[in-house]
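Q: Just passing along the structure, written as structure tokens.
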Amino acid sequence: MEASGAQVVDTKRGGQVTYHGKGQLVGYPILHLRQLARHDRTLTPRGYIPALESVLANTLLAFGVQAVGRSDEGSDLAGVWIDGEKVAAIGVQISKGVTTHGFALNVT
């Protein structure tokens, strides 16, 4: 890993391994879901992942790229895919109703 310039950093986030590097747009939205859910009942902890997938898929569509979120396909796997290839990874933590962590969208 270090030969490629990458570093391994331990975090408290769940999951196995996450890579952030060149060619990725990384975003960490910080939202208070409890407050937002008062106005939009779909923004619950279970509804947040599909909403984030939708934002990413719609962003890609604005650039002429057709993508789909796994939640749209009925899968428990979070992320956005193009023709069976993952283009965006999503890893979210929610604590006391507030989101942390987010997504990595491969743009190259």
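Q: Which entry in [x] 16.1, 53; [y] 14.7, 49; [z] 17.2, 59 matches Rg and Dmax of the Cα atoms in Å derived from the coordinates of this structure?
A: Among [x] 16.1, 53; [y] 14.7, 49; [z] 17.2, 59, the one derived from this structure is [y].
Q: Let me ask something else. Please identify the trypsin sites (Lys or Arg not before Pro) of the range 26-95 that satisfy two criteria: DSSP loop assignment and at most 12 other Cβ atoms within 10 Å. Which are they?
A: Answer by residue number: ARG38, ARG41.
Q: So how much slack lies between VAL107 and ARG41, counting 0.36 nm per residue of separation and subtracting their Cα-Cα distance, in nm?
A: 20.6 nm
Q: Taking only DSSP H segments of four or more residues, each worth -39500 (n - 2.57), what value at 222 nm results for the chain once the sum is divided by all its residues, to the nearest 500 deg cm²/dmol?
A: Taken over the chain, the calculation gives -6500 deg cm²/dmol.
Q: Within the range 16-108, report the chymotrypsin sites (Phe, Trp or Tyr not before Pro) that DSSP leaves as loop and that have at most 12 other Cβ atoms within 10 Å.
A: Passing both the DSSP loop test and the Cβ count: TYR19, PHE63.
Q: If R0 is 22 Å, what FRET efficiency do you get for LEU77 and HIS20 from their C-beta distance, rounded to 0.05?
A: 0.70
Each value in this text was obtained by applying a stated rule to the coordinates, not by laboratory testing. Here the structure is a predicted model, which means the values were calculated and not measured. No Cβ is skipped: glycine too gets one built from the backbone with ideal geometry, and neighbour counts run over all protein chains shown.
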